[in-house]
């Protein structure tokens, strides 16, 4: 990190900046969750715009299975967020 270089320059003790690293990880996980929620919402909104006679239930089931598989591959930390529970249901 840039902070460590500055600490070395001024001959200060090197710090870990644990809070900043945790914040980075939280932001990264939130972005992943945001993208997953957007993907599910986009798909369902697309389906809502279709007419009944154009609906093919078997295709919808396959897409739902694919979405469920993608959601299961998300990092474990994301599963603790409230948004994850909403999109899984």
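Computed values, structure above
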| read-out | value |
| --- | --- |
| Whole-Å distance, taken between Cα centres, linking segment 44-89 and segment 1-40 | 30 |
| Inverse of mean 1/r across different Cα pairs in segment 27-88, Kirkwood, Å | 12.6 |
| Mean ellipticity per residue at 222 nm, deg cm²/dmol - from DSSP H runs of n ≥ 4 across the chain, formula -39500 (n - 2.57) | -23000 deg cm²/dmol |
| Projected label distance in nm at residue 80 and residue 27, using a 7 Å step from Cα toward the beta-carbon | 2.0 |
| Solution diffusion estimate, µm²/s, Stokes-Einstein, segment 1-49, Kirkwood Rh from C-alpha pairs, 25 °C, viscosity 0.890 mPa s | 178 |
| Potential lengthening between residue 68 and residue 9 on full extension [0.36 nm per residue; Cα-Cα distance subtracted] | 16.3 nm |
| Contact order normalised by residue count of the chain, Cα under 8 Å, 6+ apart, percent | 35 |
| Helix 18-48 axis, angle to the chain major axis (alpha carbon atoms, nearest 10°) | 10 |
| Helix axis angle, 57-72 relative to the chain longest principal axis, alpha carbon, degrees | 20 |
| Virtual spin-label span in nm between residue 39 and residue 54, 7 Å along Cα→Cβ | 2.4 |
| Sorted peptide list for 42-54, 20-32, criterion being average Cβ within 10 angstrom, highest first | 20-32, 42-54 |
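A short reminder: the numbers here are calculations on the coordinates, not readings from a lab. Everything numeric here is computed off the predicted structure, so don't read it as measured data. Every residue, glycine as well, gets a Cβ built from its backbone with ideal geometry; the counts of neighbours run over all protein chains shown.
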